[in-house]
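Working notes for the structure below.
The values are calculated or read from the model by the stated rules, or taken from the named source; none is laboratory data. What you see is a predicted model, and the numbers here were worked out from it, not measured in a lab. So basically every Cβ, Gly included, is an ideal-geometry build from the backbone, and we count neighbours across all protein chains shown. Side chains included, ligands, DNA and RNA excluded: accessible areas come from the protein's heavy atoms. Shrake-Rupley method; radii C 1.70, N 1.55, O 1.52, S 1.80 Å.
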Amino acid sequence: MTRQLDHLILAARDLDKLAKLFGDIGFTVGARNRHTWGTINNLVQFDGTFLELLSVADDFETPAPDHVTAPFAGFLNDYIKEREGTAAFVVEGNNAVNDRARWLSHGFNVPDIMNFGRKGRNAAGEEIDVAFSLAFARSPAIPQTLFFSCHDRYPENFWFAEFQQHSNGVTGVDSVILVADDRKAARRFLSAITGDAAPAFGVHSDTFRSGNARLVTMSAETARRLYGDVADAEGIDAGGIIAIHFTSGDLAKTEAALQQSGVAFDAVDGRPRIGASHAFGTALIFEPQDPAAQDTGAIA
């Protein structure tokens, strides 16, 4: 059984600008949150999946390498120093202890579990408690990307239909494009992370199911051929996640929202695309929600 994509972390040095971009192009962006160790975020929710728009506060202090927050806060702080973009792929969890044991059994690089909570606001603006348990796993084949499972301990205080309605018509994440030159080394790791027991291994790319979404890996050479006109060239060379494909229930509405925003975009085969240079390092591509039209020529 595949593990649902819980969320993606999009990291930038200026969170105000990143959140404004997503708001301008028609996403409903939640209120600003702060973790006690100094990372800050805004969330964009879909049904069962969300985007975490993240940065570090001005008073952020880098945690010691052995501190429990280091696998999260330390990694993301280092990531932002080097680049901006999609830094983490997170699957849904329901028992962090079991997940950590599973990652260890596969021989992955596995730090301690991270438990934390914070205050949030529901759709009515009332203060609520949210809490999470994270189980991390790292692979030398994909050092540029953080992977972990996230156990939401108060889901009733986190997911709200009101936050999942977006004026641009977007309904969720279709696929995530990741560059990993050593695809063979990445296969076992990503199969375990996503829970996909039967990934589709192709000549030019591999596809792993993560609930309703897909994680597609390819070499930098293939990425340059397929995404070179929309992804960040340095990001392709560095590896990691370079693009996100979203599903839209109404591509005409999506394109209208993009036109109104003033953000530069183009369209290929009727699919609007925002280049990585205009979207903090990650190319944003919008696909039709109709399953019959989902197989895009951009993924081979």
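Annotations for the structure displayed:
- Counted residues, the stretch 254-272 - those being surrounded by fewer than 22 Cβ atoms within 10 Å (Cβ to Cβ) and closer than 25 Å to L5 by Cα: 1
- Subset of the stretch 198-217 [free of Cβ contacts under 8 Å to residues at least 60 places away in the same chain and either in contact with a His (Cβ under 6 Å, 6 or more places away or on another chain) or of a type in the set (G, A, S) (or both)]: A198, A200
- Selection count where residues are in contact with a Cys (Cβ under 8 Å, 6 or more places away or on another chain) and assigned to a loop (DSSP other than H, G, I, E, B), scope the stretch 133-145: 0
- Residues of the stretch 11-39 classified as open to solvent by less than 10 Å² (accessible area, probe 1.4 Å) and in a strand (DSSP E or B), total: 2
- Among the residues making up the stretch 198-236, those that are of a type in the set (D, E, K, R) and over 18 Å from A279 (Cβ atoms) are D206, R209, R214, E221, R224, R225.
- Positions within the stretch 140-168 being crowded, with 21+ Cβ neighbours inside 10 Å and over 30 Å from G74 (Cβ atoms), in sequence order: H166, N168
- For the stretch 174-265, no helices (runs of 4 or more DSSP H) sit wholly inside it while including 3 or more residues that are under 17 Å from T145 (Cβ atoms), of a type in the set (S, T, N, Q) and at pLDDT 95 or above.
- Entry remark, the stretch 73-132: residues being within 23 Å of R153 (Cβ to Cβ), part of a strand (DSSP E or B) and hydrophobic (A, V, I, L, M, F, W, C) number 10 in total.
- Filter result for A64 (out of contact with any strand residue (DSSP E or B) (no Cβ under 9 Å at 6 or more places or on another chain), open to solvent by 10 Å² or more (accessible area, probe 1.4 Å) and hydrophobic (A, V, I, L, M, F, W, C)): yes
- Filter result (modelled with pLDDT of 95 or more, closer than 22 Å to K253 by Cβ and touching a strand residue (DSSP E or B) at 6+ places or on another chain (Cβ under 8 Å)) within the stretch 1-39: A19, F22, I25, G26, F27, T28, V29
- Lone unmet requirement of (1) open to solvent by less than 30 Å² (accessible area, probe 1.4 Å); (2) within 13 Å of G169 (Cα to Cα); (3) not basic (K, R) for L251: (1)
- Flag for N42 being open to solvent by less than 40 Å² (accessible area, probe 1.4 Å) and either more than 17 Å from T86 (Cα to Cα) or free of Cβ contacts under 8 Å to residues at least 24 places away in the same chain (or both): no
- Exclusive hit being at negative phi and under 16 Å from the mean Cα position of the chain (by Cα), set F27, F60: F27
- Among the candidates E92, E52, E84, residue that is open to solvent by 60 Å² or more (accessible area, probe 1.4 Å), within 22 Å of H245 (Cα to Cα), at pLDDT 95 or above and under 13 Å from the mean Cα position of the chain (by Cα): E92
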